[in-house]
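Sharing a structure, written as structure tokens. Questions coming.
Rule-based calculations on the coordinates, nothing more; no lab input. Since this is a predicted model, take the numbers as computed values, not measurements. With ideal geometry, Cβ positions are generated from the backbone for all residues, glycine too; neighbour counts draw on all protein chains shown.
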Amino acid sequence: METAAPTAVIVAIDGPSGTGKSSTSKAVAAKLGLRYLDTGAQYRAITWWMITNGIDTDDPQAIALAAGKPSIVSGTDPSAPTITVDGQDASGPIRSKEVTSKVSAVSAVPEVRTLITELQRSITAEAAEEADGIVVEGRDIGTTVLPDADLKVFLTASPEARAARRSGELRGKEAADLAATKEALIKRDAADSGRHTSPLAKADDAVEVDTTELTLDQVIECVVTLVAERRSATGGTEKRAGRS
Ligand code: DC
């Protein structure tokens, strides 16, 4: 009797800030025994490197020239994701207000996107070969990075709900009031959606989930169910094929 080839499942979760992408993606990956990749953290890491190395983040040419210099490494365990830049833990500094305000400009530079996209595809291919698959969260995963993903989810929520969630995540002196958080978030989403290269967008074949009225547990359950449905419908991705 012929045995089926081992398969992995590749899940792309996109959407604007504050829709619960990270919490949902991590929890779904942990529940299903998959790896997890936070692609926003990679764009934040390269932005942090630009700032600390004195590169003018308003100068796309300078960013393009420097883009290949830092070595960015993502740890993909959903219970303890990590990010290092040139061997240094960057998980704290990449969440600073300064990085948040500059990441849209840096991530709009095509050379940056090409390099980070290659990195994301190689991490995904490795997870498809060596593990049961991966949940990759970002803005352009379903449209550009992994157009063949087994499941694409696009999370949305009202601007009010997103600002309230993001505000709750901020700590200490960087905690902004709700109105300021909402304004900053809308500005960043507009920049991410309006950029020329690989903008924030829903893939035609993505399932849209409006999380405004849902609890985190409900969103997680919804995505876990979608993965199960997709797995039984398609069987997932053949491990030998990988994905790139
Ligand atoms: O998810 P986040 O807020 O940590 O993402 C930070 C920024 O990175 C976001 O404003 C846009 C950029 N980004 C991107 O351009 N493409 C992705 N796939 C993920 C994030």
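What's the long-distance tail for segment 31-104, i.e. % of Cα pairs beyond 19 Å? Mind showing how you got there, number by number?
Numbers: 931 of 2701 pairs.
Here the long-distance tail beyond 19 Å is 34 percent of all Cα pairs in segment 31-104.
Something else about it: Just need log10 I(q)/I(0) for segment 63-135 at q = 0.21 Å⁻¹, Debye formula, equal scatterers on the alpha-carbon atoms, no solvent, rounded to two decimals.
Rounded to two decimals, the profile gives -1.12.
Find the Rg to Rh ratio for segment 116-187, where Rh is the Kirkwood radius over alpha-carbon pairs and Rg uses the same atoms.
Numbers: Rg = 16.4 Å, Rh = 14.6 Å.
Rg/Rh for segment 116-187 comes to 1.12.
OK, next. Kindly express, to the nearest 10 degrees and within the range 0 to 90, the angle between helix 97-107's C-alpha long axis and the longest C-alpha principal axis of the chain.
60
On to the next question. Provide the net charge surrounding A66, with neighbours chosen by a C-beta distance below 12 Å and charges set as Lys +1, Arg +1, Asp -1, Glu -1.
Details: positive: K69; negative: D56, D59, E111.
Local charge sum for A66: -2.
Also, I was wondering about something else. For the pairs K97/K182; K21/K152; K97/K202, note any where the Cα-Cα span goes beyond 19 Å. It would help to have the intermediate numbers written out before the result.
Details: K97/K182 14 Å; K21/K152 12 Å; K97/K202 27 Å.
From the list (K97/K182; K21/K152; K97/K202), the Cα-Cα distance tops 19 Å for K97/K202.
Taking the Cα atoms only, what angle lies between the long axis of helix 216-234 and the longest principal axis of the chain, rounded to 10 degrees?
40
For q = 0.10, 0.12 Å⁻¹, what log10 I(q)/I(0) does segment 1-126 give under the Debye formula with an equal point scatterer on each alpha carbon and no solvent?
The Cα Debye sum returns log10 ratios of -0.34, -0.48.
In Å, the Kirkwood hydrodynamic radius of segment 159-230 over pairs of distinct alpha carbons?
After inverting the pairwise mean of 1/r, the radius is 14.5 Å.
To two decimal places, what compactness ratio does segment 194-239 give when its Cα radius of gyration is scaled by 2.2 N^0.38 Å?
Working: Rg = 14.1 Å, N = 46, 2.2 N^0.38 = 9.4 Å.
Compactness ratio reported: 1.50.
Can you compute the radius of gyration and Dmax for the chain, using only the Cα atoms, both in Å?
For the chain, the Cα-based Rg and Dmax read 17.6, 64 Å.
Taking only DSSP H segments of four or more residues, each worth -39500 (n - 2.57), what value at 222 nm results for the chain once the sum is divided by all its residues, to the nearest 500 deg cm²/dmol? It would help to have the intermediate numbers written out before the result.
Numbers: 8 runs with 112 residues, N = 244.
Computed mean residue ellipticity for the chain: -15000 deg cm²/dmol.
Report the gain in length on full extension from S79 to E221: 0.36 nm times residue separation, minus Cα-Cα distance, nm rounded to one decimal.
Values: separation 142, 0.36 × 142 = 51.12 nm, distance 1.77 nm.
Contour length minus the Cα-Cα distance gives 49.4 nm.
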